Each structure stands twice: as C-alpha cells, then as structure tokens.
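Have a look at the structure below before the remarks.
The values are calculated or read from the model by the stated rules, or taken from the named source; none is laboratory data. Being a predicted model, the structure only gives us computed values, none of them experimental. For neighbour counting, all protein chains shown are included, and Cβ atoms are generated from backbone atoms with ideal geometry for every residue, glycine included.
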Amino acid sequence: DAGITQSPRYKITETGRQVTLMCHQTWSHSYMFWYRQDLGHGLRLIYYSAAADITDKGEVPDGYVVSRSKTENFPLTLESATRSQTSVYFCASMRDDYGYTFGSGTRLTVV
Amino acid sequence: GQQVMQIPQYQHVQEGEDFTTYCNSSTTLSNIQWYKQRPGGHPVFLIQLVKSGEVKKQKRLTFQFGEAKKNSSLHITATQTTDVGTYFCAGLNYGNNRLAFGKGNQVVVIP
C-alpha cells in the first residue's frame, strides 16, 4: 500500500472552482484507476488508464478530466466543482493480472 | 453492461458466529476478486479466484468461485471484532482490465 499516494487527504472547495486530486505510484504499474465512493453507490469508476497517454472513460466521467503524461502520475481534475461531486475519491493501480492497490483516498467537500 | 450484485448489503454478526456473503454477476467472469474496507479506510485486496469451482482459504476466511464463474461467496468462521468492515466483490470480464465492483456487504460485529 505504501507505493500509491494520494494528495490531499482532505479538501474543501467552493462550487465552480477547479480542483485537482493527485495520485502517484512507485511501481510503474500500467493500469491506473479513479473511483468515487458514495453511500449507497459503492465504488464507481470515473476514468482509467492503460498506460501513459492512454485514458478512457468509466461509469461516471462527466465533470472530470484526467491526464497521464507519466506512468507514475494520474491526476484527476474537477473542471468546475459541483456539490454532487462531494465524495471520497480513490486512486488505484494494478499489476498485470492481479488485484488493485488503492490509495488512502481524498475526502472532497464542495460547498 | 456488467453488473455485480452483493447480498446482503448489511449484516450484524455476533462475535464468535459464522457468516457468509454472496456475490452474483450477470455475465461469466474471467476472475473475481474480494476486497475489505475498514471504516474510514481504503479497500484492501484480499484474494483473486480464477478457476471454475475454485476454493481458497485464508485462516478463517473461505472464498469460493461458482462452477459457472458467475457467482462467489466469502464465508468467515468464528467472527472477531477485527472482521468489522465492508467486503466488496469485484468481477473482471474477459478482454478488459476494469473491475466491476458490487456495492459491498457492511459487517458489524456485536461483542
């Protein structure tokens, strides 16, 4: 677990502001993922990436943007935050053919 | 799209008793994975099952993959207070690396 780091751990932002959540992994895993977790909805996939410069939409991509210029970093940007984006965000990476390793999460509150 | 359903969503279990949580997929899976999330924590990978009918044990935990590779179960014996948390199953379809997570089974242990 120590190899995947999310920052910040907590963030409060105002409606309409742009905010970026950071995710860094030290293993050079090809696959990386962003999930949001809300009560009653479980884990929902926002975006994922199969490799540097390859990203694709998940289940709930609207209002989010990702980039992956380097294998180890996978930032998630909320272009114009809304209250419905208040959630806990988890980044994860995957070694080939094995389970996901999740970061500790970012708890985001949009006021 | 692929759906993974977990039942029950909530369980209250007396310390020392056994319990089982179930996972069902609408499609045949390449593999199924189980994760545990402690309150306030992040999901942690427990195990991956790949073969039809596979059974794996981790101490008091027994994981099973159905013959048709569409369902799975997690059975915990002699429940301890450390077993509290939410257990997620996640299914992987053939041909992609995106897990479909169930909504989880939240387990409360009664001392």
query: Only one residue in B:Phe45, B:Phe19 is aromatic (Phe, Trp, Tyr), facing chain A (nearest Cβ under 9 Å) and either touching an Asp or Glu at 6+ places or on another chain (Cβ under 9 Å) or without any contact (Cβ under 8 Å) to a residue 40 or more places away in the chain (or both), so which one is that?
result: B:Phe45
query: Only one of these conditions is not met by A:Gly16: (1) surrounded by 20 or more Cβ atoms within 10 Å (Cβ to Cβ); (2) part of a loop (DSSP other than H, G, I, E, B). Which number is it?
result: (1)
query: Hey, A:Ser104 hits all of (1) farther than 19 Å from B:Gly104 by Cβ; (2) touching a Ser or Thr at 6+ places or on another chain (Cβ under 9 Å); (3) at the interface with another protein chain (Cβ under 10 Å from one of its Cβ atoms); (4) outside any strand (DSSP E or B) but one; which does it fall short on?
result: (1)
query: Does A:Ser80 satisfy the condition of being away from chain B (no Cβ under 14 Å), touching an Asp or Glu at 6+ places or on another chain (Cβ under 8 Å), in a loop (DSSP other than H, G, I, E, B) and small (Gly, Ala, Ser)?
result: no
field: Among (1) surrounded by 16 or more Cβ atoms within 10 Å (Cβ to Cβ); (2) within 17 Å of B:Arg98 (Cα to Cα), the one test that A:Glu72 misses
entry: (2)
query: Do we have any residue at all in the stretch A:57-74 that's more than 30 Å from B:Gly85 (Cβ to Cβ), among the acidic types (Asp, Glu) and outside any strand (DSSP E or B)?
result: yes
- prompt: Got a sec? Which of A:Gly3, A:Gly42 is of a type in the set (Gly, Ala, Ser), surrounded by 14 or more Cβ atoms within 10 Å (Cβ to Cβ), within 14 Å of another protein chain (Cβ to nearest Cβ) and at negative phi?
  reply: A:Gly3
query: Hey, does the stretch A:57-64 have a residue that's surrounded by 14 or more Cβ atoms within 10 Å (Cβ to Cβ), farther than 20 Å from B:Asn97 by Cα and more than 14 Å from chain B (Cβ to nearest Cβ)?
result: yes
query: If you go through the stretch A:88-101, how many residues are more than 11 Å from the chain's Cα centre (by Cα), closer than 24 Å to B:Pro39 by Cβ and in a strand (DSSP E or B)?
result: 2
task: Answer with yes or no whether A:Tyr31 is at pLDDT 95 or above, surrounded by 14 or more Cβ atoms within 10 Å (Cβ to Cβ), over 17 Å from B:Val4 (Cβ atoms) and within 12 Å of chain B (Cβ to nearest Cβ).
output: no
- line: Here the residues within the stretch B:28-86 that are within 12 Å of the chain's Cα centre (by Cα) and under 15 Å from B:Gln11 (Cα atoms) are B:Lys36, B:Gln37, B:Ser73, B:Leu74, B:His75, B:Ile76, B:Gly85, B:Thr86
message: Take the conditions within 14 Å of chain A (Cβ to nearest Cβ), hydroxyl-bearing (Ser, Thr, Tyr) and under 17 Å from B:Ser30 (Cα atoms) and apply them to B:Tyr94. Does it pass?
response: yes
query: Does any residue in the stretch A:5-16 that is within 20 Å of A:Thr71 (Cα to Cα) come within less than 6 Å, Cβ to Cβ, of a residue that is outside any strand (DSSP E or B) six or more places away or on a different chain, and which pairs are these?
result: A:Gln6/A:Gly103; A:Gln6/A:Ser104
- request: Can you tell me which residue within the stretch B:72-111, out of those that are crowded, with 17+ Cβ neighbours inside 10 Å and aromatic (Phe, Trp, Tyr), is nearest to A:Lys57 (Cα to Cα)?
  value: B:Phe101
